[in-house]
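Worksheet: the structure to be examined is printed underneath.
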């Protein structure tokens, strides 16, 4: 099967390429990139005039809920949501039911994703058995089965000794440990960020320091071990400062931030609406500004959705009873492009680094996040001038718990191509 993408504005930070190019795809891989390729024989042609052609987006933090919570999402609907948002690869977190802490569950996820066949699904397995911070999982066996990293996401690894062992084992396996930094002895059963909004809503607080102290601990352990530490959904000014200092000292630590933490703050919670309930919580305006500065300056490496679907019934509960989390794969590109690129805060090339180039490097996904001959043809095409309005009825996800419903702007994914196959077309 052949596919020719003509006249697209290609932007690939990995190779430094930017300009109008034709891309010839054959047997699922990129065969040729040139300023002019004439179609011949039986070939599908996409006229990409006026479109940007990017290496396929990679979301390194999603929750697919399968196995065990398929009423919220499953691998098929999550895959549809991913390609609708331009993602060609996604890394799914292990807090399923049962937890992905065994070879059998990892294998089940890998095999089901292949059956669905829409997007590259990479399982992230648990650091500790049943996410209890007591005993390491069989990390070597899990990597051999298909896990590309380890995380107890949602439950920070509280045991320092166990976390150090995890970093040491991950170093030998050349995979990252993806840490949700939160000291649960401080945050306890908090609901929202510490401050005026918490008092106004009468809700228990999650202090910023609960994140900061764990970021500092993890960086110190990483400095001692020299492994592959990734800190996920950073939310505080203090965490940004700590990561910046670590990088200045050449400590290998990477991090991501979500679209909702970049674009929203705790002032959106004045009506105490559970749609804005997430973990980490929306922080104050100063924190949000620090996060934006972090992606501008390179302190923060990636944008990840933390796509966390819940049923409408669950999110409709009282604030304290409603679950943490929002969905995001289908809206991530549009809201970030419209609010941060169109306004001149970051450049398009930087956005593609955050969405594709850097996640591929951090997850050690060879031949992903790059556009060159010989690699799998994973590509995302976008129309930067096409207007959008985010509507819940348009979502491919089973869930609609998005804080961005009703938002309008410009910048829309038009095609998602995975392994040379068009899996989504607007």
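Each value in this text was obtained by applying a stated rule to the coordinates, not by laboratory testing. On a predicted model such as this, the values are computed, not experimentally measured, just so you know. Backbone-built Cβ (ideal geometry, glycine too); neighbour counts: all protein chains shown.
Restricting attention to the alpha-carbon atoms of the chain, what are Rg (one decimal) and Dmax (integer), both in Å?
20.6, 68
On a 0 to 90 degree scale, rounded to 10, what angle separates helix 209-225 from the longest Cα axis of the chain?
Approximately 70 degrees, to the nearest 10.
Tell me the angle of helix 103-116 to the major Cα principal axis of the chain, expressed in degrees between 0 and 90 and rounded to the nearest ten.
So the inclination is approximately 40 degrees.
So what's the convex hull volume per residue for the Cα atoms of segment 229-370, in Å³?
Dividing the Cα hull volume of segment 229-370 by its residues yields 120 Å³.
Report, in degrees rounded to the nearest 10, the 0 to 90 angle that the Cα long axis of helix 237-248 makes with the longest principal axis of the chain.
Relative to the chain, helix 237-248 is tipped by roughly 60 degrees.
Can you give the % of DSSP beta bridges in segment 56-362 that are antiparallel, to the nearest 5?
5 percent
Would you mind ranking 182, 293 so that the residue whose beta carbon has the fewest other beta carbons within 10 Å leads the list?
Fewest-to-most Cβ neighbours within 10 Å comes out as 293, 182.
Roughly how many whole Å is it from the C-alpha centroid of segment 338-390 to that of segment 48-81?
15 Å
Separation of segment 128-189 and segment 279-304 by C-alpha centroid, Å?
The two parts, judged by their Cα centres, are 23 Å apart.
Counting only helical runs of four or more DSSP H residues, what would the 222 nm mean residue ellipticity of the chain come to if each run contributes -39,500 (n - 2.57) and the total is spread over all its residues?
-8000 deg cm²/dmol
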